[in-house]
Every structure is written in C-alpha cells, then in structure tokens.
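We did not get these values from a lab; they are worked out from the coordinates using the rules stated. These numbers were taken from a predicted model, which means no experiment stands behind them. Every residue, glycine as well, gets a Cβ built from its backbone with ideal geometry; the counts of neighbours run over all protein chains shown.
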Amino acid sequence: MNTQIIEFIRTPANKSGKQPDLGAATPQRWSVEEVESLFKLPFADLMFRAQQVHREHFDPNAVQLSTLLSIKTGGCSEDCGYCPQSAFHSTGVENQKMLELDVVVAAARAAQQNGADRFCMGAAWREPSDADMASVVEMVKAVRGLGMETCATLGMLNDRQTEQLRDAGLDYYNHNLDTAPEFYGDIISTRDYQDRLDTLERVRKAGMHVCSGGIVGMGENLTQRAGLLAQLANLEPYPESVPINNLVKVEGTPLAQAEDIDPFDFVRTIAAARITMPTARVRLSAGRQQMSDELQALCFLAGANSIFYGEQLLTTGNPEVEHDRALLDRLGMYASAEQR
Ligand code: SAM
Ligand code: DTB
Ligand code: SF4
C-alpha cells in the first residue's frame, strides 16, 4: 500500500487536519491493494479512521431512512445467483404483474408517515420495456409530488430511458456492481460487468444521482471484496449512495448455502466504504434482520448513515419499524429527515 496513505490512516493526530491529495498523482484514486490494506488494519485503527472521515462530512448521529417497494416481483430473465426473483431459481417467490399507481402512492405515503425520506421502487427486470417506462414515469412523478426523494432500480437502461426518468424527476437510480469484476462471472452469466458500468454511465450523464453498491458474503475473497469497493470509489465521481448488502440466503438460490462472513468483516467493509467514498451515503442494506442490534451499532460507528426502513425489502424481511425506531433512540440517533 502507498506508504503515504497508510501513514495517514494510522496517524491519529494529522497535524494539518487535511486529507492527503490521493487523486492528484494517479488517475485511480484507490487501488485494490490499498482497499485491501484498509481491511487488514487493526479493527480499532480502521474504525477510528472511518469515524474521522464520517465526522468530517456528516452528523454521525443522523441516519437516512429509505423505504423499498417491489413494484414488479419475480420471473426475472437474469440468473443472478443471489436473487430470489430470478426465473432460473425455484424459491417460492410468486410472480406479480406491475403494481397500480394508486397502490404505489399509498405505500409511499405510508412510508413518509413512518418517517422515511426516500422511496425506492424496484422491479425484477433485466431492463424495462417502453410500456413499463410509461407506468414508472407516472409513479416517479406521483411520489415526488409527495415531497419524497425518489429512487428506482429497474435493471439496464438505454439513453432514452435515463432521460425519461430524469425528466420525471427521479433523484437516484440504483444499479449495483454487486461484486468485483473477476468474481462477477461466478454469480451472473446473463449480463456482464461492462453492462452495469454502461448503465451507471448513462445515469450519470443524464444528471441523476447514482446509487450503487454490492453484496458481501457470496463466497468472494478479501481481494474481491476490496475490488468491489475500488471499482465504486474510482467511478468519476463515486456514487452519492452506496448500499452494502449482506447476502440474504434464500432457499432455492444457488447461494443459499454460502458461508457466513465474520460479522467484523462486514463492519470492516462498511468502514472501508466510508473511507474510500467520504461524502457518500453508505447504506447498511439487506441482511439487517439477521444482525444483532450491537452489530448494527458497530456499522453506524463504522460510518453507515442510511438504512432500508420498513418491514419488507423486495421479497424478504427487514426489521420492524418500531424496532428500528427504538434502536435509533437507544443510540441517541435520529432520522436525517427529522433534523431539517
Ligand atoms: N433487477 C434490477 C437489478 O438487478 O438491477 C433491480 C432489482 S435487484 C433485486 C437490486 C439489487 O438487490 C441487486 O443488485 C442486489 O444487489 C440486491 N439483492 C438481490 N437479492 C439479494 C439478496 N438475496 N441478498 C442481498 N442483496 C440482494
Ligand atoms: C440494494 O442494494 N438492496 C435492495 C435495493 N438495492 C433494491 C434490495 C435488497 C433485496 C434483498 C432480497 C429481496 O428482498 O428480494
Ligand atoms: Fe433480476 Fe435484478 Fe434479481 Fe438479477 S437481481 S435476477 S436482474 S431482479
């Protein structure tokens, strides 16, 4: 690892209080090796550094709350090994046609009343059709009309579709890189990494905010986990929103028997995301239902400042709203929307 960086990370009293100019010397701001070296720091050193970066850019006690709704469930033509909605796997997820506009608006209103400030609409598509787009555009306009931030995750997009979404007022587009390029083919065969990068590029070009992250616990090694973060951190600019999902193991998916990662390694991934993408919202995403309150608190200490909020992710469960509220209270934390 670049000695300048490791020195900086390990030195608590950085006299100038300034970040080293990591970007100037090389076009790649974070090499895979550098991210991997973050993972290998003593836990306390990594957490300390993540806290420093977090506090430079955010109120460390505020958490952004984003509610998900699956607007079109199941029967997806992609073969993502982790996903309960792929038509390639028998998981018991029932295929459903697209939700009606009034159902989506009612769900968004309920989420807003519960304190969510972002509403993310997800669809089990490889890519949307023109007819799909017409419906989604109406949904985005209506949710925006409630005064919520809007996010959608609909699969791959072409130029026209990104422009349609931007014109509808979509704030964020979620499209995850999921893992490192060299591990991607082990998980998905129906599209490649470049397809994902191309869609992210289009979203950026159209002027929307990018939400992109990945999944840990799919059998990736440390270098590959670092490789995902390096890919995200080196996007120009890096995503405004970075969901870090812990694999939810769903019976019937090829990854149902994947080995759990050490929970401290999950926390390390959050911390490294915080350090490498200082101003991003790092979201403690799928997998929270399987985590203890104490582990989630460590994730907040490591720099996570966003969660999925509401009893359901897309097809799997998420902690109860009351439980999350109580957890935030116990930690003296609050929703960032309530801060304004
Ligand atoms: N079909 C679109 C796509 O793939 O971009 C949007 C929906 S897809 C379900 C959104 C993301 O959910 C995936 O990229 C993946 O990161 C995450 N995801 C899906 N299944 C998951 C699981 N079992 N555990 C954790 N994350 C999962
Ligand atoms: C993201 O990174 N995680 C969310 C959201 N973006 C769309 C989805 C998690 C899905 C977990 C499995 C399920 O509920 O189907
Ligand atoms: Fe389809 Fe998205 Fe699931 Fe992949 S992750 S199978 S693209 S819904």
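In whole percent, what relative contact order does the chain give with Cα contacts below 8 Å and a gap of six or more residues? Show your work: numbers first, answer last.
Numbers: 622 pairs, mean separation 77.9, N = 340.
Reported relative contact order: 23 percent.
For the chain, which cysteines have no disulfide-compatible partner, meaning no other cysteine Cβ under 4.7 Å?
Unpaired cysteines in the chain: C76, C211, C299.
Under a Cβ-only charge scheme (Lys and Arg +1, Asp and Glu -1), can you give me the dipole magnitude of region 281-340 about the Cα centre, in debye to the nearest 20? Walk me through the numbers on the way to the answer.
Working: 6 positive and 8 negative charges, 63 e Å.
So the dipole magnitude of region 281-340 works out to roughly 300 debye.
Over region 48-173, calculate the relative contact order: mean separation of alpha carbon pairs under 8 Å at least 6 apart, over the residue count, as a percent.
24 percent
What are the semi-axes of the equivalent ellipsoid of region 32-141, taken as the square roots of 5 times the eigenvalues of the Cα gyration tensor, listed largest first and rounded to whole Å?
35, 23, 12
Determine the sum of side-chain charges near N114: Lys and Arg each +1, Asp and Glu each -1, restricted to other residues whose C-beta is under 14 angstrom from that of N114. The partial results should precede the final answer.
On the way: positive: R109, R118, R325; negative: D117, E311, E320, E322, D324, E338.
For residues surrounding N114, the net value is -3.
Report, in listed order, any pair from K97/K141; K141/K249; K141/K205; K97/K205 with a Cα-Cα distance greater than 24 Å. Please report the intermediate quantities before stating the final value.
Numbers: K97/K141 20 Å; K141/K249 34 Å; K141/K205 21 Å; K97/K205 31 Å.
Distance filter (> 24 Å) returns K141/K249; K97/K205.
Among L314, N61, C76, pick out the residue whose Cα is farthest towards the positive end of the charge dipole of the chain, where Lys and Arg carry +1 and Asp and Glu carry -1 on C-beta, about the Cα centre.
Comparing the listed Cα positions along the dipole, N61 ranks first.
With +1 on each Lys and Arg Cβ and -1 on each Asp and Glu Cβ, and nothing else charged, work out how big the dipole of the chain is about its Cα centre, in Debye to the nearest 20.
I would put it at about 840 debye.
How many percent of DSSP beta bridges within the chain run antiparallel, rounded to 5? Could you put the intermediate results ahead of the total?
Working: 1 of 34 bridges.
Taking every DSSP beta bridge within the chain, about 5 percent pair in antiparallel fashion.
Hey, what angle do you get for helix 321-330 against the long axis of the chain, alpha-carbon based, 0 to 90 degrees rounded to 10?
20 degrees
Residues of region 284-325 with backbone nitrogen within less than 16 Å of a virtual label 7 Å along the Cα-to-Cβ line of E251, please, listed as ranges.
Of the residues in region 284-325, 316-317 have backbone N under 16 Å from the label point off E251.
Positive end of the charge dipole of the chain (Lys, Arg +1 and Asp, Glu -1 on Cβ, about the Cα centre): tell me which of A106, A50, S37 has its Cα farthest that way.
Towards the positive end, the residue furthest out is A50.
Based on the alpha-carbon set only, what is the convex hull volume of the chain divided per residue, in Å³?
Hull volume normalised by residue count: 129 Å³.
Only Lys, Arg, Asp and Glu count, each charged at its Cβ (+1, +1, -1, -1), so figure out the dipole size of region 85-165 about its Cα centre, rounded to 20 debye.
160 debye
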